[in-house]
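Notes follow once the structure below has been shown.
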Amino acid sequence: MPYVKPDAIVDSMIQAGTNKGKLGAKDLLIRGGLSGALLGVATTLALTGTAQTGAAIVGALIFPVGFVMIVLLGLELVTGNFAVVPLGVLERKITMTNLWWNWSWVFLGNLLGSLLYAMLFAKTLTSTAPLVKSLMTISEVKTLGYAKLGFDGLASAFVKGILCNWMVTLGVVMSFTSQSTIGKIAAMWLPILTFFAQGFEHSVVNMFVIPAGMIVGAPVSFSDWWLWNQIPVTLGNIFGGFVFTGLALYLTHKRA
């Protein structure tokens, strides 16, 4: 499994960000939609594993399958793009307009794909299915739980978003560390397992799990979802992905 050195990894990050910034709306929507749905599938897989074993760590161990599929298929996940697309701007290979174009269309694609899977998956559940309670509980904790804390809840969601996407974007970067498929999978698995096991906040996972909980009966409103989770978590994901992964590695490993 040939190892790729950090300076070459940063070159790959810059090229990836540049290429993503130049994609058209159709590709961004389709690839973003597939990514949102696949992360939803991975989430329900993780919840199923946890329900069957009673051990949350089992869910964390198997959740990365969705991320692996997304990266290996060259799909678009907005949280990963928060780290790499800005590097294309820093290198003046794309513009800020390209960046906002990419982030906006991929965010929309991720949202639509997540909602589609949420609606489809809800149709597979009976009222007594174990995952119904899990989805409702998670949906409430991720919204009403923060609302009870007021500003501290918003701050917690934001910081959990930072910590989450620090790990998720490392998953993207780690895929560049190997030239073999097996090596890429192994490298990506580590940071994704790390974020999921600690309950950090991922904006695209939440695009599935919160509305899925709402569909099956959680007393969560649209405003609860966006005000107390989706907005602060997305902002945290942007900060964590760009500052702690994209910018940090760019500043220390960028070739002169």
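The table below lists the values:
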{"quantity": "Residue match in segment 147-156 (condition: under 21 Å from the mean Cα position of the chain (by Cα), closer than 16 Å to I210 by Cα and open to solvent by less than 40 Å² (accessible area, probe 1.4 Å))", "calculated": "no"}
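Rundown of residues vs (1) among the small types (G, A, S); (2) at pLDDT 95 or above; (3) open to solvent by 70 Å² or more (accessible area, probe 1.4 Å), yes/no style:
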| site | (1), (2), (3) |
| --- | --- |
| V68 | no, yes, no |
| V71 | no, yes, no |
| W101 | no, yes, yes |
| A118 | yes, yes, no |
| S127 | yes, no, yes |
| I138 | no, yes, no |
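The values are calculated or read from the model by the stated rules, or taken from the named source; none is laboratory data. Here the structure is a predicted model, which is why all the values come from computation and not from measurement. Ligands, DNA and RNA are excluded from the accessible area calculation, which covers all protein heavy atoms including side chains. Shrake-Rupley method; radii C 1.70, N 1.55, O 1.52, S 1.80 Å.
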